[in-house]
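K.L.:
Right, I'll just put the structure down here and ask away after.
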Amino acid sequence: MTPEEVGQRLVALLAPVEATATVSGGQAHSRATVDVPPDAWRAALLAARDDAELACDYFDWLSAVDELTDGFDVVAHLWSTVRRHGVLLRARVPRATPTVDSVVAVYPGAAWHERETHEMFGIDFAGHADLRPLLLPPEFEGHPLRKEFVLASRVAKPWPGAKEPGESEAGGGRRPIRPPGVPAPGEWGAIPTPAGAGGVGEGPRGGTPARPARERPARPAPGARAPRASGADPESAGPADGPAQAGRPGDPKPDEEGAP
């Protein structure tokens, strides 16, 4: 089945539920993408598994996408090992109450994915019996993959990816680029923003001022070197000056200086 046929088949199976079928990707990577309401999430995955024409017997992965004020998209990808086609299922849940039914009873392999999505995005999976932390310590607060979550490690020290060739902590290069996940200086935290983390010395809380750039003398243009001084002080001449003076072609030898 083509991606278009896969999407249309799943929409027909879910009727009268309002589902929308599109195609994502392109060429060999194109996939049928079906958007369903949150209350039809479990029914959609069950239909994709049990229908003989779809036969999506393999659970690939499940995750989420933060859509800011629009909520979260819970996304799952299924694959048919017999029919050799896949389908991408999406359900958008509101940001205030991000909850969707668990599909562990449909695909047991989704247990680990739902735990990770709950931990990273704060989305609840109703019916999941074990949503304990999977990757983070139990005392960790917040959900790191939400877009409003501030990555404190990027605020505490300069982000290595912001340094371009020719830049240095002493200044004189391009303006440091604020990395993703770091707010503007003075907008977060009680400690002054360190120099280089997102701008230098800005914001109401101030910042650590950068060292002033050292002024270097301008290089002379090619071929514009200053001529040597002819009457140099003999006492200031280096050791190499003596032999060079004595070894010039045409200079009189020491025993010939007094000759007539």
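The values are calculated or read from the model by the stated rules, or taken from the named source; none is laboratory data. For clarity, every value in this text was computed on a predicted model and none was experimentally measured. Virtual Cβ from ideal backbone geometry, glycine too; neighbours counted across all protein chains shown. Quick note on the areas: whole protein, heavy atoms, side chains included, nothing else; ligands and nucleic acids left out. Shrake-Rupley method; radii C 1.70, N 1.55, O 1.52, S 1.80 Å.
K.L.:
Once Lys and Arg get +1 and Asp and Glu get -1 on their Cβ, which of 125, 107, 80 lies farthest toward the positive end of the dipole of region 76-159?
P.N.:
80
K.L.:
May I ask you to give the solvent-accessible area per residue for region 1-128, in square angstrom, as obtained with a 1.4 angstrom probe? It would help to have the intermediate numbers written out before the result.
P.N.:
Values: 5980 Å² over 128 residues.
So region 1-128 comes to 47 Å² accessible per residue, rounded to a whole number.
K.L.:
If N is the number of residues in region 11-120, what value comes out of its Cα radius of gyration divided by 2.2 N^0.38 Å?
P.N.:
On the way: Rg = 13.4 Å, N = 110, 2.2 N^0.38 = 13.1 Å.
After normalising by residue count via 2.2 N^0.38 Å, the value is 1.02.
K.L.:
Same structure again: May I ask you to compute the full-extension gain from residue 22 to residue 112, defined as 0.36 nm times their residue separation minus their alpha-carbon distance, rounded to one decimal in nm?
P.N.:
On the way: separation 90, 0.36 × 90 = 32.40 nm, distance 2.78 nm.
Roughly 29.6 nm would be gained on extension.
K.L.:
Give the carbon-plus-sulfur fraction of the accessible surface of region 1-70 in %, rounded to a whole number; probe 1.4 Å, heavy atoms of protein chains only. Let's see the in-between values first.
P.N.:
On the way: 1990 of 3830 Å².
Percent of accessible area from carbon and sulfur atoms in region 1-70: 52.
K.L.:
Under the classification rounded if a/c is under 1.5, otherwise prolate if a/b is larger than b/c and oblate if not, where does region 12-56 fall, given a ≥ b ≥ c as square roots of the Cα gyration tensor eigenvalues?
P.N.:
Oblate shape, in that a/c is at least 1.5 and b/c is the bigger or equal ratio.
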